[in-house]
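Below: one structure, written as structure tokens.
The values are calculated or read from the model by the stated rules, or taken from the named source; none is laboratory data. Worth saying up front: this structure is predicted, and the values here are computed from it rather than measured. A quick note on method: Cβ atoms are made from the backbone with ideal geometry, for glycine too, and the neighbour counts reach across all protein chains shown.
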Amino acid sequence: MRHLELPFTGPATFLKAPYRALTEPWRTDVAFLGLPYDFAVGFRPGARFAPGALRRASGRFAPGPAGFFDLETGGVLLRGVSLVDAGDVDPAQLEYRTSFERMTAAARELRRRATLPVFVGGDHSVSYPLLRAYDDVEDFCVVQLDAHLDYSDDRNGTRYANSSPFRRAVEEVLGLKHIIVIGLRGLRTNPEAYRAAEVRGHTLVTARRVRTSLDEVLALLPKDKKVYLSFDIDVLDPSLAPGTGSPEVEGLDYGEALALVGAAIQGNELIGLDVTEVAPNLDPSGLTSLVAARLLAEAVALWWRYREVA
Ligand code: MN
Ligand code: MN
């Protein structure tokens with residue numbers, strides 16, 4: 001079924017991968033899991049619709065048996081990689097603990113079955129329950145591409161919203177040793193969160209610095225590490241990705257973001273990838289979902305290529 005040619009044909013799964021339930025035994029190179037959860041959004045909701053929208057949009061980037069011809073190198077992308085869509089985690093709506101427990105349990109199952117687990121949010125609060133599923137990993141880094149720090153201790157009395165996932169994660173996941181956040185901007189940075197991140201030794205990089213000194217920023221990325229890559233779509237400029245809850249002007253362009261993704265993957269062991277904060281309902285053009293789907297396909301393609309070379 002996955003070789004149906006046109007983007008809009010067939011059952012909608014990530015990159016037209018076959019669906020396999022997490023209750024069944026299987027093994028694959030890459031598995032996708034949807035997290036249709038946006039109950040932790042502080043501004044404009046809609047990320048609950050992202051897994052469905054990205055499944056539909058990613059039909060355009062389904063590789064097929066021959067893979068894709070790579071214009072840049074003359075090589076082939078995504079040939080021979082096995083992909084699975086493992087479905088969605090059911091949110092328990094307002095019971096965030098139950099929702100998060102389900103996400104952590106599903107992420108552990110995905111890790112057992114896939115060399116590269118790929119998680120599609122959902123708002124960014126999901127990164128905390130996802131990172132809990134890595135509590136057996138002794139030493140790893142998070143590369144967070146985001147306009148926002150997401151490191152508030154609490155906001156409006158809430159400690160588990162999409163403004164706090166990485167604060168909660170470093171408190172609980174002992175193997176998470178370092179975070180680099182790239183793409184920061186806007187007027188709403190919480191100074192307590194900024195200082196707390198600095199004190200803990202996180203590397204904090206603004207979007208302006210990416211624009212003026214991309215090579216310098218690429219050199220800040222970890223090397224020879226286990227890396228979990230967390231991609232908040234709002235790191236991109238809203239002209240590319242308007243469908244998101246908290247857009248910020250002066251964002252990265254796609255080429256800058258992909259260069260950062262590639263440098264985070266190359267020379268490291270990528271242990272997980274999430275893409276969050278796509279709110280398809282806020283972008284009737286569908287552009288945000290297409291951009292996010294292409295990013296998913298290209299990130300997996302880079303991982304597969306560097307893995308073949310290694
Ligand atoms: Mn975020
Ligand atoms: Mn953000």
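Would you check if Ser230 is in a loop (DSSP other than H, G, I, E, B), within 15 Å of ligand 1 (Cβ to nearest atom), under 18 Å from the mean Cα position of the chain (by Cα) and of a type outside the set (Asp, Glu)?
Working: in a loop (DSSP other than H, G, I, E, B): no; within 15 Å of ligand 1 (Cβ to nearest atom): yes; under 18 Å from the mean Cα position of the chain (by Cα): yes; of a type outside the set (Asp, Glu): yes.
So Ser230 does not fit the description; no.
Given the structure, is Ser99 more than 14 Å from Phe32 (Cβ to Cβ), in contact with a Pro (Cβ under 8 Å, 6 or more places away or on another chain) and within 16 Å of ligand 2 (Cβ to nearest atom)?
On the way: more than 14 Å from Phe32 (Cβ to Cβ): yes; in contact with a Pro (Cβ under 8 Å, 6 or more places away or on another chain): yes; within 16 Å of ligand 2 (Cβ to nearest atom): no.
No.
I'd like to check something: does region 185-196 contain any residue that is assigned to a strand (DSSP E or B), modelled with pLDDT of 95 or more and within 16 Å of ligand 2 (Cβ to nearest atom)? Outline the logic, then answer.
Here is the first cut: in region 185-196, the ones assigned to a strand (DSSP E or B) are none.
No, region 185-196 contains no residue that is assigned to a strand (DSSP E or B), modelled with pLDDT of 95 or more and within 16 Å of ligand 2 (Cβ to nearest atom).
Can you tell me which residue in region 136-163 is nearest to Val210 (Cα to Cα), limited to those that are within 14 Å of ligand 2 (Cβ to nearest atom) and over 16 Å from the mean Cα position of the chain (by Cα)?
Tyr151
So if I check each of Val84, Val118, which one is touching a Gly at 6+ places or on another chain (Cβ under 8 Å) and either in a strand (DSSP E or B) or closer than 24 Å to Val41 by Cβ (or both)? Explain how you work it out, then say what you get.
Details: Val84 fails: touching a Gly at 6+ places or on another chain (Cβ under 8 Å).
Step by step, each of Val84, Val118 is checked, and only Val118 is touching a Gly at 6+ places or on another chain (Cβ under 8 Å) and either in a strand (DSSP E or B) or closer than 24 Å to Val41 by Cβ (or both).
Being within 25 Å of Leu218 (Cβ to Cβ), surrounded by fewer than 24 Cβ atoms within 10 Å (Cβ to Cβ), more than 13 Å from ligand 1 (Cβ to nearest atom) and acidic (Asp, Glu): is that true of Asp153 here?
Working: within 25 Å of Leu218 (Cβ to Cβ): no; surrounded by fewer than 24 Cβ atoms within 10 Å (Cβ to Cβ): yes; more than 13 Å from ligand 1 (Cβ to nearest atom): yes; acidic (Asp, Glu): yes.
In short, no.
Can you say whether Pro247 is surrounded by fewer than 21 Cβ atoms within 10 Å (Cβ to Cβ), within 25 Å of Ala161 (Cα to Cα), modelled with pLDDT of 95 or more and within 13 Å of ligand 2 (Cβ to nearest atom), as far as the supplied structure shows? Give the steps one after another, and end with the answer.
Details: surrounded by fewer than 21 Cβ atoms within 10 Å (Cβ to Cβ): no; within 25 Å of Ala161 (Cα to Cα): yes; modelled with pLDDT of 95 or more: yes; within 13 Å of ligand 2 (Cβ to nearest atom): yes.
So Pro247 fails the test.
Being more than 23 Å from Glu216 (Cα to Cα) and over 15 Å from the mean Cα position of the chain (by Cα) is the filter here, so list the residues in region 254-289 that pass it.
Restricting attention to region 254-289, the residues satisfying the condition of being more than 23 Å from Glu216 (Cα to Cα) are 271-289.
Result: Pro280, Asn281, Leu282, Asp283, Pro284, Ser285, Gly286, Leu287.
Using the structure shown, decide if Glu277 is in contact (Cβ under 8 Å) with a residue 60 or more places away in the chain and within 14 Å of ligand 1 (Cβ to nearest atom).
Working: in contact (Cβ under 8 Å) with a residue 60 or more places away in the chain: yes; within 14 Å of ligand 1 (Cβ to nearest atom): yes.
Considered against the rule, which asks whether it is in contact (Cβ under 8 Å) with a residue 60 or more places away in the chain and within 14 Å of ligand 1 (Cβ to nearest atom), Glu277 comes out as yes.
For the condition modelled with pLDDT of 95 or more and crowded, with 21+ Cβ neighbours inside 10 Å, what is the one hit in Leu273, Leu282?
Numbers: Leu282 fails: crowded, with 21+ Cβ neighbours inside 10 Å.
Result of the check over Leu273, Leu282: Leu273.
Is it fair to say Arg111 is more than 16 Å from ligand 2 (Cβ to nearest atom), out of contact with any Pro (no Cβ under 7 Å at 6 or more places or on another chain) and either closer than 21 Å to Leu204 by Cβ or assigned to a helix (DSSP H, G or I) (or both)?
Values: more than 16 Å from ligand 2 (Cβ to nearest atom): yes; out of contact with any Pro (no Cβ under 7 Å at 6 or more places or on another chain): no; either closer than 21 Å to Leu204 by Cβ or assigned to a helix (DSSP H, G or I) (or both): yes.
No: the conditions fail for Arg111.
List the number of the failed condition for Val217; all other conditions in (1) crowded, with 17+ Cβ neighbours inside 10 Å; (2) closer than 29 Å to Gly255 by Cβ; (3) within 16 Å of ligand 2 (Cβ to nearest atom); (4) not basic (Lys, Arg) hold.
(3)
Under the condition of being of a type in the set (A, V, I, L, M) and touching a Gly at 6+ places or on another chain (Cβ under 6 Å), which residue from region 224-267 is nearest to Leu184 (Cα to Cα)? Break it down into steps so the answer makes sense when it comes.
Going through region 224-267, the residues of a type in the set (A, V, I, L, M) turn out to be 227, 229, 233, 235-236, 240-241, 249, 252, 257-261, 263-265.
From what is left, the residues that are touching a Gly at 6+ places or on another chain (Cβ under 6 Å) are 235-236, 252.
Details: Val235: 8, Leu236: 11, Leu252: 10 Å.
Per the criteria, the residue is Val235.
Going by the conditions given, is Leu54 in contact with a Gly (Cβ under 9 Å, 6 or more places away or on another chain), in a loop (DSSP other than H, G, I, E, B), buried (at least 16 other Cβ atoms within 10 Å of the Cβ) and modelled with pLDDT of 95 or more?
Numbers: in contact with a Gly (Cβ under 9 Å, 6 or more places away or on another chain): yes; in a loop (DSSP other than H, G, I, E, B): no; buried (at least 16 other Cβ atoms within 10 Å of the Cβ): yes; modelled with pLDDT of 95 or more: yes.
Against the criterion (in contact with a Gly (Cβ under 9 Å, 6 or more places away or on another chain), in a loop (DSSP other than H, G, I, E, B), buried (at least 16 other Cβ atoms within 10 Å of the Cβ) and modelled with pLDDT of 95 or more), Leu54 does not qualify.
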